[in-house]
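Student: Just dropping this structure here.
The values are calculated or read from the model by the stated rules, or taken from the named source; none is laboratory data. From a predicted model like this one, the values you see are computed outputs, not experimental measurements. Because the Cβ atoms are built from the backbone with ideal geometry, glycine has one as well, and the counts that use them run over all protein chains shown.
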Amino acid sequence: MGMREGYRIEAHESESRGEGGFTIVEMVVALAILAIVMAPLARVYWSSIRTAGAASHRTDGSSIASREIESMHAVPYAQVGFYADQPGFVSTFEGLTTVSLGATSPSSGPLVPQVDTQTSGITQGGINFSVRRYVVWSDARDATSTYASAYKRLTVIVSWTDQVGAHTARQDSLLYPGGLGTYASPMGGTTTTPPTTTVLLPTAPTLNPITPLPDPAGQTQIPLSWSQPAIGAPITSYSIEYSTSSSFPAGNFSVVNGLSPSITSFTVTSLSAGDTYYFEVIAYAGSNSAVSNVQSAATLAAPAPQCKFGQLNVTGATSLSTTGTILQNNGKMSENLSLAWTTTGNCPHSYAVKAADPSNGIDPGSPFTLLPVSGNYSQTIASNGQKNWGIGLHTFTVWDVSNNSATTVVKTFKVCVHGATSC
């Protein structure tokens, strides 16, 4: 009986512990395990929330960019662009020229700016979005030609910052200047005509009479000036066309492109001297243009090159000696003498060579007329001519026959005694 009581006591104690629950140590261990498991799950959950939010904001940014592109499509073609004084105006974007409507924004009337360069403070979904707009010229090309400034390229860049970081969304579109007309329903119904937009064309500049520049600039340069009426569409650029023909035939005229709309004067350079040129100025307002009247002017003739003298050469015809010749026993020279002289530039006078013996007496046959051929002068002193050439150093001087005066060109040449072995 004592054994049975002991057994019952042990069973009662075991049942008491089961009904009491976990101990404090067991609870701490369980919570620690739960924290270890839940920490990475919380990070995954938070990352999912951020990613979903960022995706939603990107959808909003793309939607804003698309909406802004469509807004610019709704503006008349000639007014899609910017004035140079609009805040944030840039002259180029991604290497392409910005469509400029003029230097100064009109404060009133139909030509006030229709497109802003930038907009901030667009709030959507608790995020602040900023918009940047660009309008640049775009060329069109086919297999053989390039058509400059055929289109306007529209670009909208939307930027924002959220809990993930900084982001941008971009939309691009081409804006074509024409393509309007009637549309027939494919079911044969009525036709509809899109509403027409009044496009203001630029007025033609007035090219002023030309006042030539003085020499020497006037040989290769001609200054132009013009006036631009205040009416018409704002000028976006000027071009100058010039030719030596008043009809400006294809392939026979030159162009200066892309002049600033703020200037009304320009000097054309690198022209040929002594030619008459015809000029016209073209004003552009976007893709529309107007041509000025034609003015002409002549460049000054280039001055004739100055006359310059070369050296006189006296040479023995057979010995080829440039220093002297030997007499025969009869007093005549033993060989012909060749006279050669060159000039450059404009030398319109007649020339001869006067020869003087050692005593300054006139040599036989002197003066010897120089025969010109394109700046080269020559003459031959024949050995069988006059006798009595003096022994010693002779002086040959080029003489300006037209002015009857000596030039500075002098050459000396020896005549040696008969029988000499060298001279």
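Student: Tell me whether the stretch 314-326 contains one or more residues that are at pLDDT 90 or above, assigned to a loop (DSSP other than H, G, I, E, B), of a type in the set (A, V, I, L, M, F, W, C) and on the phi > 0 side of the Ramachandran plot. Let's see the steps before the verdict.
Tutor: Initially, the stretch 314-326 is screened for residues at pLDDT 90 or above, giving 314-326.
The next check asks that each one be assigned to a loop (DSSP other than H, G, I, E, B); those that pass are 317-323.
Restricting the remaining residues to those that are of a type in the set (A, V, I, L, M, F, W, C) gives 317, 320.
When the remaining residues are screened for being on the phi > 0 side of the Ramachandran plot, the result is 320.
Checked the stretch 314-326: at least one residue is at pLDDT 90 or above, assigned to a loop (DSSP other than H, G, I, E, B), of a type in the set (A, V, I, L, M, F, W, C) and on the phi > 0 side of the Ramachandran plot.
Student: Still on this model: For the structure I just gave you, tell me whether residue 299 is surrounded by 18 or more Cβ atoms within 10 Å (Cβ to Cβ), within 23 Å of residue 384 (Cα to Cα) and hydroxyl-bearing (Ser, Thr, Tyr).
Tutor: Values: surrounded by 18 or more Cβ atoms within 10 Å (Cβ to Cβ): yes; within 23 Å of residue 384 (Cα to Cα): no; hydroxyl-bearing (Ser, Thr, Tyr): yes.
No.
Student: Step by step: first the residues of the stretch 302-346, then only those that are in contact (Cβ under 8 Å) with a residue 60 or more places away in the chain and of a type in the set (A, V, I, L, M), then the one that is nearest to residue 274 (Cα to Cα). Which residue is that?
Tutor: Top of the filtered list is 302.
Student: Among what's in the stretch 236-278 and is more than 16 Å from the chain's Cα centre (by Cα) and at positive phi, pick the residue that is surrounded by the most Cβ atoms within 10 Å (Cβ to Cβ).
Tutor: Only one residue tops the list, namely 248.
Student: So which residues in the stretch 339-377 are within 54 Å of the chain's Cα centre (by Cα), among the small types (Gly, Ala, Ser) and either part of a strand (DSSP E or B) or not assigned by TED's automatic domain parsing to the domain that holds residue 409 (or both)?
Tutor: Correct list: 340 only.
Student: Tell me, which residue of the stretch 273-313 that is part of a strand (DSSP E or B) and charged (D, E, K, R) is modelled with the lowest pLDDT? Break it down stepwise before answering.
Tutor: Quick first cut of the stretch 273-313, residues part of a strand (DSSP E or B) only: 276-285, 288-291, 295-298, 308-313.
Imposing the further condition that a residue be charged (D, E, K, R) reduces the set to 280, 308.
Working: 280: 97, 308: 93.
So the residue we want is 308.
Student: I need the full set of residues from the stretch 133-156 which are outside any strand (DSSP E or B) and either among the hydroxyl-bearing types (Ser, Thr, Tyr) or at pLDDT 80 or above (or both), in order please. Even if it seems obvious, please write down each step before you answer.
Tutor: First pass over the stretch 133-156, keeping only residues outside any strand (DSSP E or B): 142-145.
Result: 144, 145.
Student: So, in the stretch 212-226, of the ones that are in contact (Cβ under 8 Å) with a residue 12 or more places away in the chain and among the small types (Gly, Ala, Ser), which residue ends up nearest to residue 298 (Cα to Cα)?
Tutor: Among those residues, the one meeting the criterion is 218.
Student: Output the number of residues of the stretch 97-148 satisfying the condition of being in contact (Cβ under 8 Å) with a residue 40 or more places away in the chain and of a type in the set (D, E, K, R).
Tutor: Here the count works out to 2.
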